[in-house]
1. Quick check on this structure: which one of 53, 74 is open to solvent by 30 Å² or more (accessible area, probe 1.4 Å) and in a strand (DSSP E or B)?
2. Going by the structure shown, is residue 59 without any contact (Cβ under 8 Å) to a residue 40 or more places away in the chain, assigned to a helix (DSSP H, G or I) and surrounded by 15 or more Cβ atoms within 10 Å (Cβ to Cβ)?
3. Taking interchain pairs and intrachain pairs at least six residues apart, which have beta carbon atoms under 8 angstrom, with the first residue in the range 76-103 and more than 18 Å from residue 16 (Cα to Cα) and the second not in a helix (DSSP H, G or I)?
4. Restricting attention to the range 106-144, and to residues there that are farther than 21 Å from residue 11 by Cβ and either touching a Gly at 6+ places or on another chain (Cβ under 6 Å) or among the β-branched types (Val, Ile, Thr) (or both), which single residue is surrounded by the fewest Cβ atoms within 10 Å (Cβ to Cβ)?
5. The conditions are (1) assigned to a helix (DSSP H, G or I); (2) modelled with pLDDT under 95; (3) not charged (D, E, K, R), and residue 115 fails exactly one of them. Which is it?
6. Inside the range 16-46, can you point out the residues that are of a type in the set (Phe, Trp, Tyr) and either closer than 15 Å to residue 57 by Cβ or in contact (Cβ under 8 Å) with a residue 60 or more places away in the chain (or both)?
7. How about the range 85-105: which of its residues are of a type in the set (A, V, I, L, M, F, W, C) and open to solvent by 40 Å² or more (accessible area, probe 1.4 Å)?
8. Suppose we keep only residues that are open to solvent by 90 Å² or more (accessible area, probe 1.4 Å) and either aliphatic (A, V, I, L, M) or in contact with a strand residue (DSSP E or B) (Cβ under 6 Å, 6 or more places away or on another chain) (or both) within the range 12-45. Which one would you say is nearest to residue 124 (Cα to Cα)?
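The values are calculated or read from the model by the stated rules, or taken from the named source; none is laboratory data. Keep in mind that this is a model prediction, so the values were computed, not measured. A quick note on method: Cβ atoms are made from the backbone with ideal geometry, for glycine too, and the neighbour counts reach across all protein chains shown. Note: areas computed on protein heavy atoms with side chains; ligands, DNA, RNA excluded. Shrake-Rupley method; radii C 1.70, N 1.55, O 1.52, S 1.80 Å.
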Amino acid sequence: MALQSSRVPLLAAGVTGLLLLLVSLPPFVPPSIRALLMAAFAPVCHQLPDRSFWIDGVQLAVCQRCYGIYTGLFLGSLLLPLLGAGAQWIYRRAPLVLSLALLPPALDWGLQLVHFWHNTPLTRTLTGLWFGLGAGLLLAATLRYAPRKTQPCPA
């Protein structure tokens, strides 16, 4: 049975919420599970200790910018249903929304690279959050409005 299209963004919120939970878990689980979580997220994040959040002396599974992204993905997925007709606008303007979402983190990273700006844990987290919000809105909007292939009915 196909999910109703209005419930699909809730699926996106559930999946992104689970990811946010997983990246937050290392300080609260035994060392063996902590090592597994760190290894699971290592391919998508550099996990530099000086650019990561720590709780009680234990590093989270992703850096500050990635933590902002995961948080934003979750919040963006939750926000989409509240936008009404604006949700369809986001879907139709996906390249623009993605470009606007990428601009602050790209500037924060790029200006640091050329020694024009020194980013901080706050700027890394907020620019990651900004990107994650845009990406979360797009994810939920795409799941809600993208055309779906249907199976032909048997004759």
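1. Details: 74 fails: in a strand (DSSP E or B).
One residue alone meets the criteria, 53.
2. Working: without any contact (Cβ under 8 Å) to a residue 40 or more places away in the chain: yes; assigned to a helix (DSSP H, G or I): no; surrounded by 15 or more Cβ atoms within 10 Å (Cβ to Cβ): yes.
Taking the combined requirement at face value, the residue does not satisfy it.
3. Taking only residues 6 or more apart or on different chains, the pairs are 91/146.
4. 114
5. Of the numbered conditions (1) assigned to a helix (DSSP H, G or I); (2) modelled with pLDDT under 95; (3) not charged (D, E, K, R), the odd one out for residue 115 is (1).
6. Of the residues in the range 16-46, the ones of a type in the set (Phe, Trp, Tyr) are 28, 41.
Selection gives 28 alone.
7. Here is the first cut: in the range 85-105, the ones of a type in the set (A, V, I, L, M, F, W, C) are 85, 87, 89-90, 94, 96-98, 100-103.
Within the range 85-105, 85, 89, 96, 98, 100, 102, 103 qualify.
8. Out of the qualifying residues, it is 44.
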